[in-house]
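Please read the structure below before turning to the comments.
What follows is calculated from the coordinates using simple rules that are stated; it is not laboratory data. Quantities reported herein were computed from a predicted structural model and do not represent experimental measurements. So basically every Cβ, Gly included, is an ideal-geometry build from the backbone, and we count neighbours across all protein chains shown.
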Amino acid sequence: MVRNEADILPDFLAHAAALFDLVLVADHGSTDASAAILAGAGPPVIPLRVEVAGYWQAAVTAALLREAFRRGADWVLPMDADEFLDVPDANTLRGLLSAQTSPVVHFRWRQAFPLAGVAPPWLAHAAPGRQGKVALHRRFAAAAPGFVPGAGNHTVNPRPPFAKSISGPAIGTLWHLPARSREQFLGKLRRDLASHRAADDKAIAGLQAALAVKERVLTQLRAAPDDAALLQRLALDYWEAGAGDPLMVAPALAMRAIGPPAPPATFAEAPALPPGTRAAVAHVVDQVVQVMPAAATRQRAVALEAWLARRFTPGLRLARYIASRLARSAIAQPRRVATGNDTASGT
């Protein structure tokens with residue numbers, strides 16, 4: 001899911017086109033050239049449009065993941081436009097995935113800051129951090145059909161709302177470039193905060209923590225408009241601080257040419273979900289990702305989880321234990337996971 005990422009989107013699409021057989025990209029109301037870039041990119045890029053206001057990333061990403069599996073993908077990687085896999089080509093990626101026994105794995109973030117444009121060289125942390133992005137095999141989707149990605153796609157919950165989220169073993173590195181310039185970073189923070197607040201931040205798990213981080217970074221950037229060193233530090237330590245001094249790196253990224261921008265399809269202005277909505281579901285219909293409130297039973301389950309977290313933590317621990325045991329028994333199969341030629345990225 002992208003919004004106003006025109007400065008990096010051509011590089012990301014060229015990277016994704018070189019690695020994946022299918023690239024589903026959902027534009028969330030961009031006002032820059034992002035929609036035109038997506039419209040002209042050509043196969044394997046399939047542009048979609050999100051028809052809802054507010055931060056419903058988990059529902060939208062879940063819809064993209066299921067659509068990729070429906071189209072035949074074996075492995076699906078939910079990536080953002082500011083992320084690049086540290087693999088030289090598609091065959092290397094397929095070999096890496098085919099060697100996995102777990103149907104859920106993850107690539108660890110390595111934070112980087114570009115020095116001119118988007119292409120390397122970059123200033124980067126000396127090593128990957130703890131957080132990353134999951135990759136899912138179709139066996140996981142079959143065993144846990146109600147799965148929902150966690151905030152930021154760092155984890156996936158196989159049996160929401162009570163089961164514990166999982167990320168699987170780390171198998172590689174994902175370069176992360178959240179900031180490319182001061183103006184772009186400020187714009188990203190403002191858009192993200194507005195989107196988070198359009199969704200009920202008290203209703204969506206993990207959203208208040210994201211709000212706090214982004215408000216803090218935005219305040220620091222505004223207080224020092226001419227401090228280039230501060231911008232680099234905030235970009236590199238956006239979610240987690242690195243150990244030691246940053247290094248200059250020049251990774252060889254897989255890239256393939258994409259088409260030039262083209263006039264995008266037009267859509268009606270996206271409405272907001274009803275206030276207080278705690279969970280949403282989404283479906284891909286033609287070129288649109290349609291988002292709507294989840295069923296009343298799901299809303300009540302999410303509300304119950306939040307109540308237990310505040311008032312009766314032993315009950316929450318018991319519910320999580322039971323749900324997690326049920327989820328593990330469904331997906332824990334010891335055989336090696338086989339993969340064919342299909343990998344897909346949902347953004």
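Among the DSSP beta bridges whose two residues both lie in the chain, what percent are antiparallel, rounded to the nearest 5?
Beta bridges within the chain, antiparallel portion: roughly 50 percent.
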Mind giving me the FRET efficiency for A250 and W307? R0 is 35 Å, r the Cβ-Cβ distance, nearest 0.05 is fine. 0.10
First check a/c for segment 77-157, with a ≥ b ≥ c the square roots of the eigenvalues of its C-alpha gyration tensor; if it is under 1.5, answer rounded, and if not, answer prolate when a/b is larger than b/c or oblate otherwise. prolate
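Roughly how compact is segment 83-212, stated as its Cα Rg over 2.2 N^0.38 Å to two decimals?
Cα-based Rg divided by the globular estimate yields 1.20.
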Using Cα positions and a limit of under 20 Å, work out the aspartates and glutamates in reach of K164, with same-chain residues fewer than 8 apart set aside. E305
Can you tell me which of L318, L64, L193 moves the most in a GNM of the chain? Springs connect C-alpha atoms under 10 Å apart. L318
